[in-house]
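Enquirer: Before anything else, here's the structure in question.
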Amino acid sequence: MSILQAIAIQFGFWLLLIIVCSISVWFFRKARDRWFPNPNRNSEAAGAWRAALARMRRAVRPTLLLVPARDPGFSKIGGKPNLPSQTPWPTGDLGPRIFVAQIDLAAFQPHVQLDWLPSEGRLYAFFDDERNGCPDVVRILYALEPPGPPAEPPQPAPDKWRFEERRVGFMKFNSVPSLDWLEVDYATLGDHAEDEAGGTFEDCDLGEEIEHRIGGYPAEIQGGQMAIECEYMRRGLTRDYNDDVPDAIRRAAREWRLLLQIDSDPALNMNWWDGGRLYVFVRARDALRGDFSKTVTITQTH
């Protein structure tokens with residue numbers, strides 16, 4: 001046996017020994033954490049969990065689910081819009097936009113006041129598939145004039161964009177932000193903190209239910225902080241996720257409110273790509289003065 005062969009055999013032996021020891025240490029640590037958890041580590045994780053829960057509770061906002069109406073009124077999803085007589089049908093890049101929903105603001109404000117919205121008037125939402133990824137993929141019209149009869153689009157929409165009509169009412173819930181919205185580091189929460197903290201974040205989640213809503217926080221499909229995304233999009237900036245968010249953008253992002261969330265809804269023939277959702281945001285100060293010309297729409301799919 002040559003010297004090189006002997007060295008190679010010895011090197012292989014020590015390498016194999018290191019690998020076996022590393023795997024043994026990994027299994028030992030997993031078993032130790034499971035059967036003999038470190039009280040200090042768990043206590044720190046539980047503290048982080050409780051702190052995150054406290055932030056969520058302080059940030060609670062009212063939200064209104066759009067549910068089938070018992071007494072049908074003006075508000076609806078799908079169908080044909082009741083535009084005021086002098087309001088033209090909005091157009092997109094390739095023709096008429098697709099009507100999505102209309103909401104009577106006065107119908108819910110006496111019971112559940114969203115103080116960043118006008119107390120009267122009507123909103124109309126129109127969609128343009130060609131603008132997907134742009135802030136104005138959904139355009140919002142605001143009108144104080146009386147609604148007219150159901151309006152026909154200037155030209156028929158393709159079959160996939162013909163939505164069935166559902167008249168809707170409003171059901172109030174408390175809405176809390178997700179961990180992603182709060183930008184909480186999941187690594188700080190630990191594996192066992194949920195039990196020690198005495199509560200779960202999922203208690204505030206409506207699960208897999210179809211969620212059309214006004215106000216509150218979005219039911220995200222993917223994680224993220226949509227208010228910050230809105231500020232970047234409104235400024236025409238592309239966010240570099242490797243960079244910290246400037247303080248000026250963080251402060252400005254606090255103004256954004258969820259104006260409308262429209263879910264995919266098979267009963268209405270409504271499918272946003274792969275079972276996705278539309279999230280339309282507006283600045284609170286703009287909405288309060290009736291200016292819905294600067295909304296930002298974020299789309300997410302599965």
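The values are calculated or read from the model by the stated rules, or taken from the named source; none is laboratory data. Note that the coordinates shown come from a computational prediction; the quantities given were computed from them, not determined experimentally. Every residue, glycine among them, receives a Cβ derived from its backbone with ideal geometry; neighbour counts consider all protein chains shown.
Enquirer: Could you check, for region 117-125, whether at least one of its residues is at positive phi, surrounded by fewer than 18 Cβ atoms within 10 Å (Cβ to Cβ) and touching a helix residue (DSSP H, G or I) at 6+ places or on another chain (Cβ under 9 Å)?
Expert: Within region 117-125, one or more residues are at positive phi, surrounded by fewer than 18 Cβ atoms within 10 Å (Cβ to Cβ) and touching a helix residue (DSSP H, G or I) at 6+ places or on another chain (Cβ under 9 Å).
Enquirer: Assess whether Pro110 counts as being on the phi < 0 side of the Ramachandran plot and surrounded by 13 or more Cβ atoms within 10 Å (Cβ to Cβ).
Expert: Criteria not met by Pro110.
Enquirer: Which one of these does Glu165 not meet: (1) more than 22 Å from Glu211 (Cβ to Cβ); (2) more than 23 Å from the chain's Cα centre (by Cα)?
Expert: Status for Glu165: all satisfied but (1).
Enquirer: Got at least one residue in region 265-272 being part of a strand (DSSP E or B) and either within 16 Å of Trp181 (Cβ to Cβ) or under 10 Å from the mean Cα position of the chain (by Cα) (or both)?
Expert: No, region 265-272 contains no residue that is part of a strand (DSSP E or B) and either within 16 Å of Trp181 (Cβ to Cβ) or under 10 Å from the mean Cα position of the chain (by Cα) (or both).
Enquirer: Still on this structure: Mind checking which residues of region 52-84 are in a strand (DSSP E or B), modelled with pLDDT of 95 or more and farther than 12 Å from Met171 by Cα?
Expert: Selection gives Lys76, Ile77.
Enquirer: In region 241-265, how many residues are touching a helix residue (DSSP H, G or I) at 6+ places or on another chain (Cβ under 9 Å) and touching a residue at least 40 places away in the same chain (Cβ under 8 Å)?
Expert: Looking only at that region, the number is 4.
Enquirer: Has region 290-298 got at least one residue that is more than 16 Å from Ile103 (Cβ to Cβ), in a strand (DSSP E or B), touching a strand residue (DSSP E or B) at 6+ places or on another chain (Cβ under 7 Å) and of a type in the set (A, V, I, L, M)?
Expert: Yes - at least one qualifying residue is present in region 290-298.
A quick yes/no check of all residues on (1) modelled with pLDDT of 95 or more; (2) surrounded by fewer than 19 Cβ atoms within 10 Å (Cβ to Cβ):
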{"residue": "Ala187", "(1), (2)": "no, yes"}
{"residue": "Ala193", "(1), (2)": "no, no"}
{"residue": "Gly199", "(1), (2)": "no, yes"}
{"residue": "Asp203", "(1), (2)": "no, yes"}
{"residue": "His212", "(1), (2)": "yes, no"}
{"residue": "Ile221", "(1), (2)": "no, yes"}
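Enquirer: I'd like to verify a number: residues in region 144-161 that are in contact (Cβ under 8 Å) with a residue 60 or more places away in the chain and either of a type in the set (Asp, Glu) or touching a Ser or Thr at 6+ places or on another chain (Cβ under 6 Å) (or both), how many?
Expert: Adding up the residues that qualify gives 3.
Enquirer: Scan (1) over 22 Å from the mean Cα position of the chain (by Cα); (2) surrounded by fewer than 16 Cβ atoms within 10 Å (Cβ to Cβ); (3) under 28 Å from Cys230 (Cα atoms) for the single condition Gly133 breaks and write down its number.
Expert: (1)
Enquirer: Only one of (1) in contact (Cβ under 8 Å) with a residue 60 or more places away in the chain; (2) part of a loop (DSSP other than H, G, I, E, B); (3) not small (Gly, Ala, Ser) fails for Phe170. Which number is that?
Expert: Just one mismatch for Phe170, condition (2).
Enquirer: So in region 278-289, with the set limited to residues that are part of a strand (DSSP E or B) and touching a residue at least 60 places away in the same chain (Cβ under 8 Å), which one is farthest from the chain's Cα centre (by Cα)?
Expert: Here the answer is Val282.
Enquirer: Could you tell me whether any residue of region 58-66 is without any contact (Cβ under 8 Å) to a residue 60 or more places away in the chain and either of a type in the set (Val, Ile, Thr) or farther than 19 Å from Arg283 by Cα (or both)?
Expert: Within region 58-66 (the criterion being without any contact (Cβ under 8 Å) to a residue 60 or more places away in the chain and either of a type in the set (Val, Ile, Thr) or farther than 19 Å from Arg283 by Cα (or both)), the answer is yes, since at least one residue qualifies.
Enquirer: To continue, here is another question. In this structure, does Val100 turn out to be of a type in the set (Val, Ile, Thr) and in contact with a Ser or Thr (Cβ under 8 Å, 6 or more places away or on another chain)?
Expert: Spelling it out, it is not the case that Val100 is of a type in the set (Val, Ile, Thr) and in contact with a Ser or Thr (Cβ under 8 Å, 6 or more places away or on another chain).
Enquirer: While we're here: For region 41-97, which residues satisfy the criterion of being within 21 Å of Asp263 (Cβ to Cβ), buried (at least 19 other Cβ atoms within 10 Å of the Cβ) and aliphatic (A, V, I, L, M)?
Expert: Scanning region 41-97 gives Leu64, Leu65, Leu66, Ile77.
Enquirer: Next question, about the same structure. Which numbered condition trips up Ala106, out of (1) in a helix (DSSP H, G or I); (2) over 24 Å from Thr63 (Cα atoms)?
Expert: (2)
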